[in-house]
Amino acid sequence: MWIVLQRGMQIMTIRLDGKALAAKRKKEIACKVKALSVKPGLAVLLVGEDPASRIYVNSKRKDCEECGFYSEEYTLPAEIQETALLDLIRELGAREDIHGILVQLPLPGELNEKRILEAIPPEKDVDGFHAANMGRLMLGQEGFLPCTPAGVMELLEEHQIELEGKHCVVVGRSNIVGKPMALLLLQRNATVTICHSRTRGLETLCRQADVLVTAVGRVGLITPEMVRDGAVIVDVAMNRNAEGKLCGDCLPEVYEKASAFTPVPGGVGPMTRAVLMENTMKACLMRQK
Ligand code: GUN
């Protein structure tokens, strides 16, 4: 794909292939695991029957197999008592063979997400959602980084996408993606704007972006008119369009204006999972020290 810039100059659009990079990362991890005397162990907890969450959890099990990890999966009823879930997390927290604990979100019903995530020991919080790890990220200290924004950073780095002094616009302010994404971009000396549902003039702000990261979950939110020629587009969303096809927040015509873009599927999603494996490996190595 080629884009035409002003004065008729053409540059090629780079497809930021997260699937390929994630496969490379998982191979590297599998090689390192073979040399270890202990297998990294990941426990994944799925509460309720959300079909999308079930697919994500199945993928994580496969990733663990590919990397040579030990994994345990707990499928729990949506009606589970919060105390029972907290007890299970504490039990897993005390186990020597489990280095990472992940509770798949969203949680159903009345379960208190904050209390549950805070029950995971920070040193096993491979999702990077615990307040201790979020706080470390805020302060620029070493800790576990949330997998999706960390995966985006790895993908941008792999393709040598310059961030220093660039205007990065993040659409979405979730704790999982938008907020940590903005902090990681800031750490690389980018100038960051965070947009959200109450933002006025979204279109004007997006048009100013050198790098546009969108993580809202709305088909067609980002149209070609909202994007500058040559911008880098990172589409974190995973939606289904009217034909039932997987797509991000950007209309396909957006990619034609970009200098680089992440495809959906095959862009950010596989990188999220690769970082989860990296975090689990790191949690295991930390225990051995
Ligand atoms: N739900 C959507 N994304 C994630 C994620 O990265 N981790 C967990 N635990 N749940 C999610």
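Laboratory data are not the source of any read-out in this text; all were calculated from the coordinates shown. Bear in mind the structure is a predicted one, so any value in this text is a computation, not a measurement. No Cβ is skipped: glycine too gets one built from the backbone with ideal geometry, and neighbour counts run over all protein chains shown.
Please identify which residues in segment 145-186 have an amide N closer than 16 Å to a label point set 7 Å out from the Cα of L139, following the Cα→Cβ vector.
145
Report the FRET efficiency, 1/(1 + (r/R0)^6), for E256 and D97, where r is their Cβ-Cβ distance and R0 is 30 Å, rounded to 0.05.
Details: r = 50 Å, r/R0 = 1.65.
It comes to 0.05.
Going 7 Å from the Cα of Q288 in the Cα-to-Cβ direction, what parts of segment 53-71 have a backbone nitrogen less than 20 Å from that spot?
64-71
Test of understanding: ordering K289, K27 by Cβ neighbours within 10 Å, fewest first, what list do you get? Walk me through the numbers on the way to the answer.
Values: K289 4, K27 12.
Going from sparsest to densest Cβ surroundings: K289, K27.
For K27, which aspartates and glutamates qualify as cross-link partners when the Cα separation must be under 17 Å and same-chain residues fewer than eight apart are set aside?
Straight-line reach from K27, under 17 Å: D17, D63, E65, E66, E154, E158, E278.
Evaluate the relative contact order of segment 133-196 (contact order divided by residue number), counting alpha-carbon pairs under 8 angstrom at least 6 apart; express in whole percent. Working shown, then result.
Values: 81 pairs, mean separation 22.3, N = 64.
RCO, segment 133-196: 35 percent.
Can you tell me the FRET efficiency between A242 and S37 if r is taken as the Cβ-Cβ distance and R0 is 51 Å, rounded to the nearest 0.05? Walk me through the intermediate numbers first.
Numbers: r = 53 Å, r/R0 = 1.03.
FRET efficiency, A242 to S37: 0.45.
For segment 194-275, what is the relative contact order in percent, using Cα pairs closer than 8 Å and at least 6 residues apart in sequence? Present the calculation step by step, with values, prior to reporting the outcome.
Working: 146 pairs, mean separation 22.8, N = 82.
Computed value for segment 194-275: 28 percent relative contact order.
Farthest toward the dipole's positive end in the chain, which of G248, M153, L102, given Cβ charges of +1 (Lys, Arg) and -1 (Asp, Glu) about the Cα centre?
Result: M153.
Determine the distance separating the Cα centre of segment 133-164 from the Cα centre of segment 50-122; give it in Å without decimals.
If you average the Cα positions of each part, the centres end up 23 Å apart.
Give me the extension gain from R207 to T83: residue separation times 0.36 nm, minus the current Cα-Cα distance, reported in nm with one decimal.
Result: 39.9 nm gained on full extension.
Grab the Cα-Cα distance for Q187 and T223, subtract it from 0.36 nm times how many residues apart they are, and report the gain in nm with one decimal. Before the final figure, lay out the partial values.
On the way: separation 36, 0.36 × 36 = 12.96 nm, distance 2.85 nm.
Going from the current span to full extension adds 10.1 nm.
Only four residue types carry charge here, +1 at the Cβ of Lys and Arg and -1 at the Cβ of Asp and Glu. Report the dipole size of the chain about the Cα centre in Debye, rounded to the nearest 20.
Details: 36 positive and 37 negative charges, 111 e Å.
Dipole size: approximately 540 debye.
Considering Cα pairs under 8 angstrom that are at least six residues apart, work out the relative contact order of segment 14-92 and quote it in whole percent. Walk me through the intermediate numbers first.
Numbers: 67 pairs, mean separation 27.9, N = 79.
For segment 14-92, the relative contact order is 35 percent.
Using modelled backbone amide H atoms (1.01 Å from N, in-plane), which distant-in-sequence or interchain residues come within less than 5 Å of C195's amide H?
Amide H neighbours of C195: V170, V171, G172.
Using θ = phi - 60° and the Karplus form 6.51 cos²θ - 1.76 cosθ + 1.60, what ³J(HN,Hα) does each residue of segment 166-174 get, whole Hz, x for Gly and Pro?
Per residue, the Karplus-derived 3J(HN,Hα) values read 7, 8, 9, 10, 9, 9, x, 10, 5 Hz.
Of C168, A119, H196, which is farthest towards the positive pole of segment 93-223's charge dipole, taken about the Cα centre with +1 and -1 on the beta-carbons of Lys, Arg and Asp, Glu respectively?
Positive-end residue among those listed: H196.
Which far-off residues, 5 or more places away or on another chain, put their amide H under 5 Å from the one on S71, with H placed in the peptide plane?
Residues meeting the amide H criterion: L42.
Would you work out the charge dipole size for segment 60-180 about its Cα centre, treating the Cβ of every Lys and Arg as +1 and the Cβ of every Asp and Glu as -1, and quote it to the nearest 20 debye?
On the way: 12 positive and 23 negative charges, 93 e Å.
Charge dipole, segment 60-180, about its Cα centre: 440 debye, nearest 20.
Cβ neighbours within 10 Å, averaged per peptide: list 213-220, 263-270, 46-53 in order, most packed at the top. Walk me through the numbers before you get to the answer.
Numbers: 213-220: 20.2, 263-270: 21.8, 46-53: 15.4.
Descending packing order for the listed peptides: 263-270, 213-220, 46-53.
For a quick size check, give me the Cα extents of the chain along its three principal axes, largest first, whole Å.
63, 44, 39
What ranking do 160-171, 227-238, 192-203 get when scored by the average of other Cβ atoms within 10 Å per residue, highest first?
On the way: 160-171: 18.2, 227-238: 22.6, 192-203: 13.9.
The densest-packed peptide leads the list: 227-238, 160-171, 192-203.
What are the membrane-span-like helices in the chain by this rule: whole DSSP H runs, Cα extent along the axis at least 27 Å, mean Kyte-Doolittle hydropathy at least -0.5?
Details: long enough: 268-288 (30 Å, 0.14).
Membrane-span-like by this criterion, though nothing is claimed about a membrane: 268-288.
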